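Structure record follows, encoded as structure tokens.
Where a number appears in this text, it was derived from the coordinates with a stated rule and is not lab data. Keep in mind that this is a model prediction, so the values were computed, not measured. Please note: Cβ atoms are built from the backbone with ideal geometry, for glycine as well, and neighbour counts cover all protein chains shown.
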Amino acid sequence: MGKIIRTEHSKENPVDNSDIDFTKSDQLTDEEIEERAKNDPDSLPFTDEELKRVKIKRRHPKNE
């Protein structure tokens, strides 16, 4: 089983997408995106065992 990498983002540490060109992905339909995700071995859905370990962490309003 692979390791899940977690990165937290905030106003002080925002996501930087400036190096990504979204032109091609913007032209895809939702169905095409879903099909590509299903066929991407690096984008496989969580197993039932992995889902049991997932914890959703909500940010505190002061951090937004």
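Restricting to segment 31-46, name every residue that is surrounded by 10 or more Cβ atoms within 10 Å (Cβ to Cβ) and closer than 16 Å to residue 3 by Cβ. Let's see the steps before the verdict.
Going residue by residue through segment 31-46, those that are surrounded by 10 or more Cβ atoms within 10 Å (Cβ to Cβ) are 32-38, 44, 46.
Once the filter is applied, which keeps residues that are surrounded by 10 or more Cβ atoms within 10 Å (Cβ to Cβ) and closer than 16 Å to residue 3 by Cβ, segment 31-46 yields 44, 46.
Number of residues in segment 15-29 that are over 16 Å from the mean Cα position of the chain (by Cα) and farther than 24 Å from residue 4 by Cβ equals 8.
Considering every residue within segment 19-37, establish whether at least one is out of contact with any Leu (no Cβ under 8 Å at 6 or more places or on another chain), closer than 20 Å to residue 56 by Cβ and either assigned to a loop (DSSP other than H, G, I, E, B) or of a type in the set (Ser, Thr, Tyr) (or both). Before you say what the answer is, go through the steps one by one.
Within segment 19-37, the first condition is being out of contact with any Leu (no Cβ under 8 Å at 6 or more places or on another chain), and the residues that meet it are 19-35, 37.
Restricting the remaining residues to those that are closer than 20 Å to residue 56 by Cβ gives none.
Looking for residues that are out of contact with any Leu (no Cβ under 8 Å at 6 or more places or on another chain), closer than 20 Å to residue 56 by Cβ and either assigned to a loop (DSSP other than H, G, I, E, B) or of a type in the set (Ser, Thr, Tyr) (or both), one finds none in segment 19-37, hence no.
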